[in-house]
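The values are calculated or read from the model by the stated rules, or taken from the named source; none is laboratory data. Values in this document were obtained by computation on a predicted structure and should not be read as measured data. So basically every Cβ, Gly included, is an ideal-geometry build from the backbone, and we count neighbours across all protein chains shown.
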Amino acid sequence: MSEATVAIIGAGPIGLELAAALKQAGVDYLHFEGGQIGQTVSRYPKMTRFFSSASRIALCGVPLVTADQSKASREEYLAYLRGIVTQFDLEILTYHRVTEIEKSDEGFTLQTDHQGEVQRHRVRNIVLATGDMSFPRLLHIPGEDMGHVSHDFDEPHRYFRKRLLIVGGKNSAIEAAVRCHHAGAEVSLSYRQAALDPQRIKYWLLPEVEALIKAKKIKYYPSTLPAQITATEVTLRPTGEGQGPAVKVDADFVLLLTGYVMDTTLFKMLGVALEGENTSPVFDPRTMRTNVPGVYVAGTSAAGTQVSFKLFIENCHIHVPRIVAALTGQAPPDEMPDQAPPHQIPES
Ligand SMILES: Cc1cc2nc3c(=O)[nH]c(=O)nc-3n(C[C@H](O)[C@H](O)[C@H](O)COP(=O)(O)OP(=O)(O)OC[C@H]3O[C@@H](n4cnc5c(N)ncnc54)[C@H](O)[C@@H]3O)c2cc1C
C-alpha cells in the first residue's frame, strides 16, 4: 500500500497546477486520474477553441503561446498540459479511478481501479479536483439511448449530408450547429428558451448563428423540448403554455447538448455537505477545506453542477495557493483578484 500526506484526485488543469505547487512546497502527494491528464478537455469536440484568453488558462506561470496569438484550441491546450507535466516532472497515476474512500483515525484509505486491478493507498488529506462535467444531463425521454443519439459532439464529418437535430441553445449546441452546417449537414436546432442568450454564446458565434437562422439555413425551433426520439424523427413539444401543438422533425442523427452534471459519489462517500440544487460542496473559501477535516476541494467541482457557470479555469487558480497554505500551516494568502492570477498579464 502506498502512503502520502495528500491525495489529489483529478488531473485537469487545476489538479495539475496544484500538483506542481505541492511539489514546489515539498509536500508529498499521490495524484490519481481516472483517465488521461486533461480528460475533460480531451472530450471537447476536435478543433474547439477556448472562450478564455490564453493568458487566463495558463498554469504555474508558464506562458501559453499559440501559433497565431489567438485563443488556444483543444489540441494546443492538451499539448500545453503535457508540457506542464514534463516541465515540472509530475508523477500522475493516470487511468487510476478512485472508487472507494474509507475514513479512519489516521486519515483515509483510497481504493483505485487501474484497468480492473484494485489498489489501496493511505493518505492524511484529500483534495477533490474532480471537475463538474462527469456525466451528460439526461432528458429521460424515449429513444434517448438509441445509436444515432449522442450527448457528445466529437466532430462534424459524420453528419455530412445528413439531417441533424441539435438540442440546446448554449455554447456547445450553437458551435456544433454552425460547424455542422458548414460541413454540409442539414441542421435543425431545438432550444427550450424563446431566445438565444448572448451571455452564454461565444461572441463571435452569435451573429453567425442568428444570420443562419434568419436565412433559414438552420431551422430553429425555439421554446421546444424533445419528447420522443425514433429512428427517423423527433417529436418536439412546446415549453410554454399556448405555444401550439407538438411538431415532428425528421432527423438521421440527434445531438443532445444539454450540459453536464457533477459526480458527487466521492463527496457523499466522505460526508462532504452538499448544498442546493447544484449540489455545491460547502467549504471555507480561505482554505478550500470542506466540513470534513482533511478534505479540500479545488477547481470547478467547488461549484457543484453549474446551472449557470460560476467557476472556470481562470477563477480557480486561486484555489491552489489557498490549499498549499492550509496544508503547510501557513496563513491563507492575501485575496487575489479572482479573474487573473498574479503571475499572468491581466486582460486589457
Ligand atoms: C467545449 C467546452 C469548452 C470549454 N471552454 C472553456 C474555456 O474557454 N475556459 C474555461 O475556463 N473553461 C472552459 N470549459 C470548461 C473547462 O473544461 C473546465 O473549466 C475545466 O476543465 C475545469 O478544470 P478542473 O481541473 O477543475 O476539472 P476537470 O478539467 O474537469 O478535471 C477533473 C478531472 O478529474 C478526473 N476525475 C473525476 N473523478 C475521478 C475519480 N473518481 N478518480 C480519478 N479521477 C477522477 C476527471 O477524469 C478529470 O480529468 C469548456 C468546456 C467545454 C465542454
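What are the residues in segment 207-234 that are buried (at least 18 other Cβ atoms within 10 Å of the Cβ) and either hydroxyl-bearing (Ser, Thr, Tyr) or outside the structural domain of VAL249 (by TED's automatic domain parsing) (or both), if any?
TYR220, TYR221, THR224
Name the residues in segment 25-54 that are closer than 27 Å to THR66 by Cα and among the β-branched types (Val, Ile, Thr), would you?
ILE37, THR40, VAL41, THR48
Determine whether TYR260 is in contact with a Phe, Trp or Tyr (Cβ under 9 Å, 6 or more places away or on another chain) and crowded, with 21+ Cβ neighbours inside 10 Å.
Taking the combined requirement at face value, the residue does not satisfy it.
Across segment 111-133, which residue is surrounded by the most Cβ atoms within 10 Å (Cβ to Cβ) among those that are near the ligand (Cβ under 9 Å from one of its atoms) and not in a loop (DSSP other than H, G, I, E, B)?
Among them, the one singled out is LEU128.
Would segment 254-276 turn up any residue that is under 30 Å from ARG158 (Cα atoms), of a type in the set (Asp, Glu), more than 16 Å from the ligand (Cβ to nearest atom) and out of contact with any helix residue (DSSP H, G or I) (no Cβ under 7 Å at 6 or more places or on another chain)?
There is no residue in segment 254-276 that is under 30 Å from ARG158 (Cα atoms), of a type in the set (Asp, Glu), more than 16 Å from the ligand (Cβ to nearest atom) and out of contact with any helix residue (DSSP H, G or I) (no Cβ under 7 Å at 6 or more places or on another chain).
Kindly provide the set of residues from segment 172-205 that are in contact with a Lys or Arg (Cβ under 6 Å, 6 or more places away or on another chain) and within 16 Å of the ligand (Cβ to nearest atom), ordered by number.
ARG200
Any chance segment 87-95 includes a residue that's in the same structural domain as GLN119 (by TED's automatic domain parsing), away from the ligand (no atom under 13 Å from the Cβ) and touching a His at 6+ places or on another chain (Cβ under 9 Å)?
The answer is yes, given that some residue of segment 87-95 is in the same structural domain as GLN119 (by TED's automatic domain parsing), away from the ligand (no atom under 13 Å from the Cβ) and touching a His at 6+ places or on another chain (Cβ under 9 Å).
Those residues that are in contact with a strand residue (DSSP E or B) (Cβ under 7 Å, 6 or more places away or on another chain) and crowded, with 18+ Cβ neighbours inside 10 Å, I need them from segment 149-167; list them, please.
VAL149, HIS151, PHE153, TYR159, ARG163, LEU164, LEU165, ILE166, VAL167
With respect to ARG286, determine if the residue is basic (Lys, Arg), part of a loop (DSSP other than H, G, I, E, B), within 22 Å of GLY10 (Cα to Cα) and at pLDDT 95 or above.
Answer is yes for this residue.
Please go through segment 39-79 and pick out each residue that is assigned to a loop (DSSP other than H, G, I, E, B), over 18 Å from GLU155 (Cβ atoms), out of contact with any Phe, Trp or Tyr (no Cβ under 7 Å at 6 or more places or on another chain) and within 11 Å of the ligand (Cβ to nearest atom).
Within segment 39-79, PHE51, SER53, LEU59 qualify.
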